[in-house]
Amino acid sequence: MRVVPISLPTPFYIGPVNVYLIAEDPLTIIDTGPKTKETIEALRAGLRKAGFLVSDLRRIVLTHAHEDHCGLARSLRDEAKNAEVFVHNWETGHRHSRLEYEEHRTLLVRAGVPDAEIERMRGLYEYMRRYADSFGDDEYTSLWDDGELEFESGSLRILHTPGHTPGSCSFLREADRTIIAGDCVLKRITPNPVLSPDPIDPSRRFPSLAEYLVSLARLRSFSPTLVYGGHGEPIHDYEELFHRYFRAFQDRQAQVIGHVPKNGVTAWDVALKMFPQADDVHRFLSVSEAVAHLDLAHSERKIGLELKNQTEVYKPLS
Ligand SMILES: [Zn+2]
Ligand SMILES: [Zn+2]
């Protein structure tokens with residue numbers, strides 16, 4: 001099975017995104033890059049170099065539905081006629097601008113984010129929308145855990161690896177223990193467990209960090225020899241990275257608990273203390289990070305939580 005990594009430019013802070021062409025029948029691309037002219041041109045060039053055209057694509061598979069990964073899915077599908085789009089159905093909440101949903105607003109209010117900040121975040125996401133088209137519910141096939149994407153000479157096993165987003169998926173080639181992991185595993189940065197409504201009960205928060213830790217351990221159970229991430233270089237030593245992630249999470253966890261004073265704090269307060277310089281989309285990501293760690297600390301009974309006027313206040317356990 002020939003896996004061809006293609007690096008594509010994005011207008012985002014994160015830099016280029018990696019998409020993966022499986023150069024085999026049925027011709028499949030895993031992730032697409034955002035909807036920009038530069039990206040589609042770079043993708044065409046990458047496909048051409050491997051001997052293909054966009055119109056040869058038969059399957060468009062998405063690791064998750066963030067704009068930098070899914071933006072071109074619709075254009076590619078339309079151009080490639082009959083190409084099928086696959087994405088986990090827990091990603092449906094991300095197909096439109098995430099913060100326009102009432103559920104998201106509720107989660108941000110509960111995290112103590114001031115109204116003016118919520119409005120600013122909404123504006124940013126309205127802006128992000130231009131980089132991705134949305135899909136109707138009947139326009140994609142849902143990826144399913146432990147399913148197989150069959151190819152002429154083998155298959156990729158679908159692994160639902162939630163955490164970065166609820167419907168994030170990874171793809172395992174068992175023959176040589178290669179994994180394509182999207183933003184679940186990145187070489188140089190620790191992925192952010194993004195604040196999301198729970199797909200099963202949108203009035204609740206998705207326990208992103210707890211789910212993420214399980215996903216990382218699950219990937220480890222396959223003893224991968226090579227992991228292709230959504231950004232940056234491939235990872236040849238997953239074991240080392242796994243331990244590095246865990247140490248980083250433990251440090252962050254201790255830091256977050258250290259920011260919980262006797263009189264209590266909201267996730268927003270903690271985010272401001274941890275990342276005072278964060279602006280733009282990083283405000284939202286810093287709140288995500290704070291909530292994820294506070295949630296985990298609370299679920300492990302390291303801190304207490306009470307609801308005050310619709311806002312969650314974390315306190316030390318007395
Ligand atoms: Zn992402
Ligand atoms: Zn990404």
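Is it fair to say Ser142 is in a strand (DSSP E or B), open to solvent by 10 Å² or more (accessible area, probe 1.4 Å) and touching a residue at least 12 places away in the same chain (Cβ under 8 Å)?
Numbers: in a strand (DSSP E or B): yes; open to solvent by 10 Å² or more (accessible area, probe 1.4 Å): yes; touching a residue at least 12 places away in the same chain (Cβ under 8 Å): yes.
So Ser142 fits the description; yes.
Any chance the range 49-67 includes a residue that's outside any helix (DSSP H, G or I), surrounded by fewer than 19 Cβ atoms within 10 Å (Cβ to Cβ), within 16 Å of ligand 2 (Cβ to nearest atom) and β-branched (Val, Ile, Thr)?
At the first step, the residues of the range 49-67 found to be outside any helix (DSSP H, G or I) are 50-53, 57-66.
Filter again for surrounded by fewer than 19 Cβ atoms within 10 Å (Cβ to Cβ), leaving 50-53, 58.
Going one step further and asking which of them are within 16 Å of ligand 2 (Cβ to nearest atom), we end up with none.
Within the range 49-67, none of the residues are outside any helix (DSSP H, G or I), surrounded by fewer than 19 Cβ atoms within 10 Å (Cβ to Cβ), within 16 Å of ligand 2 (Cβ to nearest atom) and β-branched (Val, Ile, Thr).
Do you know which residues across the range 145-163 are touching a Leu at 6+ places or on another chain (Cβ under 9 Å) and assigned to a loop (DSSP other than H, G, I, E, B)?
Looking only at the range 145-163, we keep the residues that are touching a Leu at 6+ places or on another chain (Cβ under 9 Å), and these are 145-146, 148-150, 155-161, 163.
Those that are touching a Leu at 6+ places or on another chain (Cβ under 9 Å) and assigned to a loop (DSSP other than H, G, I, E, B): Asp145, Asp146, Thr161, Gly163.
Please specify each residue of the range 104-119 satisfying the condition of being among the small types (Gly, Ala, Ser) and either in contact (Cβ under 8 Å) with a residue 40 or more places away in the chain or part of a loop (DSSP other than H, G, I, E, B) (or both). Before the answer, list the steps.
To start, the set of residues in the range 104-119 that are among the small types (Gly, Ala, Ser) comprises 111-112, 116.
Across the range 104-119, the qualifying residues are Ala111, Gly112.
Cβ-Cβ distance below 6 Å, separation of 6 or more or different chains: which pairs start in the range 66-93 with a residue that is in contact (Cβ under 8 Å) with a residue 60 or more places away in the chain and end on one that is within 14 Å of ligand 1 (Cβ to nearest atom) and open to solvent by 10 Å² or more (accessible area, probe 1.4 Å)?
Here the result reads Glu67/Met128; Glu67/Tyr131; Glu67/Ala132; Asp68/Thr10; Asp68/Phe12; Cys70/Ala132; Gly71/Tyr131; Gly71/Ala132, each pair linking the range 66-93 to a residue that is within 14 Å of ligand 1 (Cβ to nearest atom) and open to solvent by 10 Å² or more (accessible area, probe 1.4 Å).
Looking at the range 145-154, is at least one residue open to solvent by 20 Å² or more (accessible area, probe 1.4 Å) and of a type in the set (Phe, Trp, Tyr)?
Taking the range 145-154 first, the residues open to solvent by 20 Å² or more (accessible area, probe 1.4 Å) are 145-146, 148, 150, 152-154.
Adding the requirement that they be of a type in the set (Phe, Trp, Tyr) leaves none.
So far as the range 145-154 goes, no, none of its residues is open to solvent by 20 Å² or more (accessible area, probe 1.4 Å) and of a type in the set (Phe, Trp, Tyr).
Conditions: (1) under 24 Å from Tyr125 (Cα atoms); (2) over 24 Å from the mean Cα position of the chain (by Cα); (3) of a type in the set (Asp, Glu). Glu306 meets all but one. Number of the miss?
(1)
Answer with yes or no whether Thr161 is more than 15 Å from ligand 1 (Cβ to nearest atom) and either over 29 Å from Ala217 (Cα atoms) or among the β-branched types (Val, Ile, Thr) (or both). Give the derivation first.
Values: more than 15 Å from ligand 1 (Cβ to nearest atom): no; either over 29 Å from Ala217 (Cα atoms) or among the β-branched types (Val, Ile, Thr) (or both): yes.
Considered against the rule, which asks whether it is more than 15 Å from ligand 1 (Cβ to nearest atom) and either over 29 Å from Ala217 (Cα atoms) or among the β-branched types (Val, Ile, Thr) (or both), Thr161 comes out as no.
Based on what the data block shows, is Arg220 away from ligand 2 (no atom under 15 Å from the Cβ) and in contact (Cβ under 8 Å) with a residue 24 or more places away in the chain? Explain how you work it out, then say what you get.
Working: away from ligand 2 (no atom under 15 Å from the Cβ): yes; in contact (Cβ under 8 Å) with a residue 24 or more places away in the chain: no.
Taking the combined requirement at face value, the residue does not satisfy it.
(1) in contact (Cβ under 8 Å) with a residue 12 or more places away in the chain; (2) part of a loop (DSSP other than H, G, I, E, B): which one isn't true of Ile200, the others all being true?
That leaves (1) as the condition not met.
Report, by residue number, each residue of the range 249-291 that is of a type in the set (Val, Ile, Thr), open to solvent by 20 Å² or more (accessible area, probe 1.4 Å) and within 20 Å of Ile14 (Cα to Cα).
Selection gives Val281 alone.
Please determine, by comparing only the residues of the range 167-207 that are of a type in the set (S, T, N, Q) and in contact with a Leu (Cβ under 7 Å, 6 or more places away or on another chain), which one is farthest from ligand 2 (Cβ to nearest atom). Before the answer, list the steps.
In the first step, residues of the range 167-207 are kept if they are of a type in the set (S, T, N, Q); the result is 168, 170, 178, 190, 192, 196, 203.
Filter once more, so that each one left must be in contact with a Leu (Cβ under 7 Å, 6 or more places away or on another chain): 170, 178, 192.
On the way: Ser170: 14, Thr178: 19, Asn192: 10 Å.
The selected residue is Thr178.
Could you please give the count of residues in the range 227-241 that are within 15 Å of ligand 2 (Cβ to nearest atom) and either of a type in the set (Phe, Trp, Tyr) or without any contact (Cβ under 8 Å) to a residue 40 or more places away in the chain (or both)?
1
The values are calculated or read from the model by the stated rules, or taken from the named source; none is laboratory data. Since we're looking at a predicted model, the values are computed, not measured. Please note: Cβ atoms are built from the backbone with ideal geometry, for glycine as well, and neighbour counts cover all protein chains shown. Surface accessibility is based on the protein's heavy atoms, side chains included, excluding ligands, DNA and RNA. Shrake-Rupley method; radii C 1.70, N 1.55, O 1.52, S 1.80 Å.
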